[in-house]
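The values are calculated or read from the model by the stated rules, or taken from the named source; none is laboratory data. The structure displayed is predicted, hence computed values, not measured ones. Backbone-built Cβ (ideal geometry, glycine too); neighbour counts: all protein chains shown. The accessibility values were calculated without ligands, DNA or RNA, using every heavy atom of the protein model including side chains. Shrake-Rupley method; radii C 1.70, N 1.55, O 1.52, S 1.80 Å.
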Amino acid sequence: MDAAEFRQRGKEMVDYVADYLEKIEKRQVFPDVEPGYLRPLIADCAPQDPESFEDVFKDIEKIIMPGVTHWHSPYFFAYFPAASSFPALLADMLCGGIGCVGFSWASSPACTELETVMLDWLGKMVNLPEEFLAGKDGQGGGVIQGSASEATLIALLAARTKTIRRVQSEQPELTEAEIMGRLVAYASDQAHSSVERAALIGAVKIKNVPSDDTFSVCGSALKKVLDEDKAAGLIPFFFCATLGTTPCCSFDKLLELGPICNKENIWMHIDAAYAGSAFICPEFRHLLNGVEFADSFNFNPHKWLLVNFDCSAMWVKKRSDLIGAFKLEPLYLQHHHQESGSSLWLQHWQIPLGRRFRSLKLWFVLRMYGVKGLQEHIRKHVRLSHQFEHLVLQDERFEICAEVVLGLVCFRLKGSNELNEALLQSINDAKKIHLVPCHLREKFVLRFAICSRTVESTHVKFAWQHISQLATDLLKRWEQNHHQQ
């Protein structure tokens, strides 16, 4: 394909993507395929001779689309939002076109510098304390990771290195292996599984701190676990606080937890993967109070801020803590601007060496929506979740299972877990909308997340009428079965 054909085909592809997104609600939100559907539809091995663009293009609808779950459909209410917008898609095209591999400042100065400035912009939007910003000569700063899971792992590994060095300086007789064997990380029993995975990769113990009636971790619960572990000779070193847990969007109590972590020399990382975007709205910013005690903070613009995957924003108070853990400098990565500011050494802030020019997406979206446009997007989703909550509360057969703070509603039929499992199955079998469940304590609960950029009040009403009708049908069947027994 030469540049002339690329111009033509590129325009065709833009039209195809625009049509796909404009007409997405006409597509069934969840596919009708079984595992292994794709292999019989394509050849056993790559073609020896080139095929035309037309051949490839016509196979998109024939082979790919039948197996796509349409995350951007206004009938998709599962997981959490996957952000997307036209400015972000255009920026991704430019990122692919430039195609730099930004591992150091010299490998692409704009790639490194725009990222540093965009994370300062974003940090100011959520009113992060000054220490987290790079500025002209700050000690902190931000970096774009691939996902919140990566950010948690990076924070845990940096905390591990920092703690090992501190303990060795206090007790030189201890070997690194002896210290490692005694390290313990902590997170809420509601925390995302990626926190446990980070500890697994970091080869350290991890313990769950029990959450309270509102599914939040409070200071007394953490203190109790820490006291027990210190008495047993263990070394607490890392706590991951969650703002907006995956099951029900609950918030750990930072103002109680932060001072404990600071006093005990424990690195506090805040995972606000979904909820963090909402902090750009002044009315939700109080949920981040206590961030001043944290060592690192992360949220995903690719969930709720109209920037498509992957774009996970992570800030640290002291970038030297990250650089100290990950810095290796072979000659081929060195350059003559080496010493002009460690905020520009982003290869030391992450696991891979190379990085895409992801900050272009942020730059396009922040400029073309403006803070006000993004705030309105968040507020609309929150309004729609309260609309759904209101509909649920009007039906006495149902109950709300956790406080609705942002764009997630946890609800269920009053009754057994089996009944709710059957309801979810009938919802997802009908394939008109898509939901996923969670467990809250011993209860099987349905999660209704407001996800799509194009979702409106009409889609929420439709979803509720559909769920309500399926519940009526299900309860009739259960009653008949009960009478037959």
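Taking other residues whose beta carbon is less than 12 angstrom from the beta carbon of E54, and scoring Lys, Arg as +1 and Asp, Glu as -1, yields -3.
At a Förster distance of 56 Å, what's the computed FRET efficiency of H482 paired with D310, Cβ-Cβ distance as r, to 0.05? Mind showing how you got there, number by number?
On the way: r = 49 Å, r/R0 = 0.87.
Once the sixth-power term is evaluated, E becomes 0.70.
How big is the dipole moment of the chain about its Cα centre under a simple scheme where the beta carbon of each Lys and Arg is +1, that of each Asp and Glu is -1, and everything else is neutral? Debye, nearest 20, please. Before the final figure, lay out each step's value.
Working: 51 positive and 59 negative charges, 146 e Å.
So the dipole magnitude of the chain works out to roughly 700 debye.
Here the spin labels are modelled as points 7 Å beyond Cα on the Cα-Cβ line, and at A46 and E196 they lie 3.9 nm apart. Could you tell me what fraction of 2.2 N^0.38 Å the Cα radius of gyration of the chain comes to, as a two-decimal ratio? Relative to the 2.2 N^0.38 Å estimate, the chain comes out at 1.06.
At full extension, Q425 and Q465 could sit 12.8 nm farther apart than now, given 0.36 nm per residue minus the alpha carbon distance. Restricting the calculation to Cα atoms, the stretch 3-82 shows an Rg/Rh of 1.02 when the hydrodynamic-style radius is the Kirkwood one.
Net charge in the neighbourhood of A88 (other residues with Cβ under 14 Å of its Cβ; Lys, Arg +1, Asp, Glu -1) is +4. Its Cα gyration tensor gives the stretch 100-356 an equivalent ellipsoid, and the semi-axes of that ellipsoid, as √(5λ) in whole Å with the largest first, are 28, 24, 15. Distance between the modelled labels on D15 and L94, one decimal in nanometres: 2.5 nm (7 Å Cα→Cβ projection).
What does the accessible area per residue of the stretch 365-445 come to in Å², with a 1.4 Å probe and no ligands, DNA or RNA counted?
On the way: 3700 Å² over 81 residues.
With the other protein chains kept in place, the stretch 365-445 gives 46 Å² per residue.
Exposure check, 1.4 Å probe, all protein chains in place: K124 carries approximately 130 Å² of accessible surface.
Annotation for N417 and T458: the two label points, set 7 Å from Cα along the Cα-Cβ direction, are 4.0 nm apart. Surface listing: Y79, Y16, Y369, Y274 arranged by accessible area from highest to lowest gives Y79, Y369, Y16, Y274, probe 1.4 Å.
Run the numbers for E130 and E170: contour at 0.36 nm per residue of separation, minus the present Cα-Cα distance, in nm. Intermediate results must be reported in sequence, preceding the final value.
Values: separation 40, 0.36 × 40 = 14.40 nm, distance 3.09 nm.
So the extension gain works out to 11.3 nm.
Across the options A177, P47, N265, the greatest Cα extent toward the positive end of the charge dipole of the chain (unit charges at beta carbon of Lys, Arg, Asp, Glu) belongs to N265. Near Q375, once Lys and Arg are set to +1 and Asp and Glu to -1 for all other residues with Cβ below 12 Å from its Cβ, the sum equals +2.
In terms of distances greater than 20 angstrom between alpha carbons, the cross-link table entries K303/K443; K253/K414; K136/K317; K223/K263; K26/K431; K11/K58 yield K303/K443; K253/K414. With a cut-off of 20 Å on the backbone N, the residues of the stretch 275-297 near the modelled label site 7 Å out from V371 along Cα-Cβ are 275-292.
Note on the stretch 356-475: dipole from Cβ charges, positive end direction compared against N420, H439, V382; the farthest Cα belongs to V382. For the stretch 3-82, the Cβ-based charge dipole about the Cα centre amounts to some 300 debye (Lys, Arg positive; Asp, Glu negative; other atoms uncharged).
The listed residues C45, C240, C100, once ranked by accessible area (1.4 Å probe) with the largest placed first, stand as C45, C100, C240. Each peptide in 31-37, 104-110 receives the mean, over its residues, of other Cβ atoms within 10 Å, and ordering these scores from highest gives 104-110, 31-37.
Give the ranking of M13, M125, M268, M368 by solvent-accessible surface, highest area first, calculated with a 1.4 Å probe.
Details: M13 70, M125 35, M268 0, M368 125 Å².
Most to least solvent-accessible, the answer reads M368, M13, M125, M268.
Sorting the segments 313-323, 378-388, 225-235, 295-305 by their residues' average number of neighbouring beta-carbon atoms within 10 angstrom, most packed first, yields 295-305, 313-323, 378-388, 225-235.
Measure off, as a whole percent, the carbon and sulfur share of the 1.4 Å-probe accessible area of the chain, all protein chains present.
Carbon plus sulfur share of accessible area: 56 percent.
Over the chain, Cα pairs under 8 Å with separation of 6+ residues give a relative contact order of 21 percent. The calculated FRET efficiency for A177 paired with D137, based on their beta-carbon distance and R0 = 51 Å, is about 0.85.
Considering only V409, V460, A471, the residue lying farthest towards the positive end of the dipole of the stretch 388-485 is V460, judged by Cα position with unit charges set on Cβ.
What residues from the stretch 174-214 fall in the zone where the backbone N is under 17 Å from a label point 7 Å along the Cα-to-C-beta line of D227? Residues 209-210 fall inside that zone. The residues of the stretch 3-82 have, on average, 69 Å² of accessible surface per residue, using a 1.4 Å probe with all protein chains present.
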